[in-house]
1. DSSP loop (so not H, G, I, E, B), at most 12 other Cβ within 10 Å: list which chymotrypsin sites (Phe, Trp or Tyr not before Pro) in region 62-122 pass both filters.
2. Which residues' amide hydrogens lie under 5 Å from the amide hydrogen of Trp72, considering only partners 5 or more residues apart or on another chain, with H built in the peptide plane?
3. Within region 134-171, name every residue whose backbone N is under 15 Å away from a label modeled 7 Å from Cα of Glu78 along the Cβ vector.
4. At 7 Å along Cα-to-Cβ for each site, give me the label-to-label distance between Glu43 and Arg162 in nm.
5. Using 0.36 nm per residue, how much length does the chain from Ala55 to Leu114 gain when fully extended, once their Cα-Cα distance is taken away?
6. In the calculated pair distance distribution of region 124-173, what percentage of Cα-Cα distances lie above 16 Å?
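Derivation of every value follows stated rules applied to the coordinates shown; laboratory data play no part. Values in this document were obtained by computation on a predicted structure and should not be read as measured data. For neighbour counting, all protein chains shown are included, and Cβ atoms are generated from backbone atoms with ideal geometry for every residue, glycine included.
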Amino acid sequence: MIILMVAGLLIGTAMTVATALNPPSGQYVPTPSGSATGGPDEERSEEAVRLAAQAAFDAYATGASGEFWDTWSTPAQETISRDEYIRLFQLCPQPIPDMGFTITNVTVTGDSALVTATRAGDPTSYDYDFLFENGGWRYVLPPEEEEEYRTKSVDQIVQLRRSAGTCGAAGTSPSPGVTLPPGVTLPPGVTLPPGVTLPPGVTLPPGTTQPPGTTQPPGTTQPPRTTQPPGTPTAPTATPPPK
């Protein structure tokens, strides 16, 4: 009897070991702890943020308002509709279009990222927030812009911006006969056409060419290397962050 019991135990142990080493087909076998391997989360990498931010900045700089709105976070898009945002920039274009952005730094913290960038003709660095949402990085509106879009209509915003002189016209340079509003700044190297009227206090950047017919009121400042033939107009320089 004892011999039979020992033999039975040995057979049972052998069957258990065999089953553990060769589980039946389709049976779930848990992965031993610590054996799973995975690479870095590329979707949350600095490069992924940089690509998303550059796409958003390029859309804004080129005046593609709808495409820029498409890059916003969900809370940002809830502040103003896509159609109304496009209408806003049809009524009040950027003062100086096609001023591209250059990203100088990206800091990623979990699902948030801070992108630092400059714009052509403006040495000032600006910080922009991005949020990882639905598998991609989305632009986050600054709080003051969110408040503006939530509390004011497009027509009200346009009226305020026109009064502040921050609305531009279509095109990459002022047209003949255009009166530039106070405080507007043009980037270095801009050539002004004849007939442009400059308001008091306009500061001209280096390299601005002023053709005949420009009107310069008192208070206009001309930096070194400004070309000014008889009766030349002057140009302004201003680069607001995306709005």
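1. Values: sites: Phe68, Trp69, Trp72, Tyr85, Phe89, Phe101; in loops: none.
Passing sites in region 62-122 do not exist.
2. Long-range HN contacts for Trp72: Tyr139.
3. Inside the label zone: 134, 140-141, 146-147, 149-151.
4. 4.5 nm
5. Details: separation 59, 0.36 × 59 = 21.24 nm, distance 1.53 nm.
Here the segment from Ala55 to Leu114 would lengthen by 19.7 nm.
6. Working: 768 of 1225 pairs.
Of all Cα-Cα pairs in region 124-173, 63 percent lie more than 16 Å apart.
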